[in-house]
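S.K.: Before anything else, here's the structure in question.
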Amino acid sequence: MAAPTITPGETKIGWIGTGVMGASMCGHLIDAGFSATVYSRTKSKSQPLLDKGADWADTPKAVAEASDVIFAIVGFPADVREVFLGENGALAGSKEGNVLVDMTTSEPSLAVEIAEQAKAKGVSSVDAPVSGGDVGAKEARLSIMIGGEKEVVDALQPCWDAMGKTIVHQGPPGAGQHTKMVNQTLISSMMIGVCEGLLYGYKAGLDLETVMKSVASGAAGSWSLSNLGPRIMANNFDPGFFVEHFIKDMGIALAESRRMGLSMPGLALAEQLYQSVKAKGHGWDGTHALMLALADMSNVDWKSR
């Protein structure tokens with residue numbers, strides 16, 4: 001298939017999923033000059049995009065029928081399958097030459113399946129999960145990990161530039177999702193360290209803001225510490241990324257590691273700790289709500305400290 005020509009002002013984009021991440025990401029594309037047609041299960045979440053001039057569609061299929069490039073960022077692999085491959089999915093509404101872009105963190109095998117079914121219809125497919133959370137989405141500085149045909153990935157550069165800062169083509173279909181599993185594995189243990197470190201500092205009677213001045217810029221520094229540490233200290237557990245979705249990601253990574261014959265004890269421990277966070281009613285809080293479960297294990301009432 002020939003690589004498409006993608007140009008702001010001419011190429012029509014479709015966007016499926018306007019939640020914490022998707023609304024900002026689609027908004028940047030509109031600001032870059034792309035016309036957009038959007039769909040979300042909850043229409044009210046799309047209202048800011050409609051106010052920017054986006055059109056509404058009642059199904060992912062209808063989004064594709066009105067678009068040249070169709071993006072989606074939804075919750076779970078089952079949602080990805082439905083919005084791309086379902087009876088009213090984007091592939092059903094696509095014409096030859098269209099491009100499907102899944103920015104959800106999903107299963108590598110599903111990315112390959114979507115690419116194969118799309119190719120049979122003359123449609124290109126790219127898997128492009130992201131990292132950077134709600135802040136990265138709002139500030140258009142996401143890391144975008146991409147799997148798919150190089151010519152198509154390169155053609156999408158104007159779209160990548162509107163949403164992200166670190167844009168890397170990782171390889172064929174599924175490679176973007178595999179890279180995101182590396183990312184989530186790294187974060188899983190890192191979040192344990194962030195929460196345990198702050199919990200230790202609090203129990204030792206230290207001023208946590210003063211502690212942050214010393215550790216955040218040193219060898220212990222990380223995106224999670226600098227961005228989520230202040231939220232933890234402020235008892236702000238609003239989601240930049242949902243616990244429920246992180247558990248889903250860790251489950252995918254564990255399944256893939258089992259398939260490859262890998263032992264991943266750190267990842268397995270993190271997944272179990274996050275199951276505890278979910279069991280305590282924090283599944284739809286941010287991933288930094290891990291602090292609440294860890295504090296509870298030591299009988300520390302973090303929110304009332």
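S.K.: Calculate how large, on average over all directions, the projected area of the Cα convex hull of region 12-173 is; give the answer in nm² to one decimal.
M.R.: Average of the hull's projected areas for region 12-173 equals 7.7 nm².
S.K.: Going out from 0 in 10 Å bins, what whole percent of all Cα-Cα distances in region 1-59 drops into each bin?
M.R.: 25, 52, 19, 3
S.K.: With springs only between Cα atoms under 10 Å, which of Gly148, Gly193, Gly27 fluctuates most in a Gaussian network model of the chain?
M.R.: With Cα springs under 10 Å in the chain, the top fluctuation among Gly148, Gly193, Gly27 is at Gly193.
S.K.: Gaussian network model of the chain, Cα springs within a sub-10 Å range: biggest mean-square fluctuation belongs to which of Ser24, Ser257, Ser188?
M.R.: Ser257
S.K.: Let me ask something else. Would you mind calculating the relative contact order of region 142-193 from Cα pairs under 8 angstrom and at least 6 residues apart, reporting the percent as a whole number?
M.R.: 44
S.K.: What do you get for Rg/Rh over region 81-197 if you use C-alpha atoms and the Kirkwood form of Rh?
M.R.: 1.02
S.K.: Next question, about the same structure. Can you work out the base-10 log of I(q)/I(0) for region 136-290 at q = 0.13, 0.16 1/Å, using the Debye formula on its C-alpha atoms alone?
M.R.: Debye curve over Cα of region 136-290, log10 I(q)/I(0) at q = 0.13, 0.16 Å⁻¹: -0.71, -1.02.
S.K.: Considering the chain as a Gaussian network with a 10 Å cut-off on Cα pairs, which listed residue, Ala120, Ala72, Ala128, attains the greatest mean-square fluctuation?
M.R.: Taking springs between Cα atoms under 10 Å, the residue moving most is Ala120.
S.K.: Ok, one more. With an 8 Å Cα cut-off and a minimum separation of 6 or more residues, compute the relative contact order for region 1-141 in percent.
M.R.: 23
S.K.: Expressed as a whole number of Å, what is the distance separating the alpha-carbon centroids of region 176-229 and region 61-94?
M.R.: Region 61-94 and region 176-229 have Cα centres separated by 36 Å.
S.K.: Rounded to the nearest 500 deg cm²/dmol, what is the calculated helix-only ellipticity per residue at 222 nm for the chain, with -39500 (n - 2.57) per DSSP H run of length n ≥ 4?
M.R.: Taken over the chain, the calculation gives -14500 deg cm²/dmol.
S.K.: Based only on the alpha carbon positions, what is the Kirkwood hydrodynamic radius of the chain, in angstrom?
M.R.: Across the chain, the inverse of the average 1/r is 20.0 Å.
Coordinate-derived values only; no laboratory data. What you are looking at is a predicted structure, and each value in this text was computed from that prediction instead of being measured.
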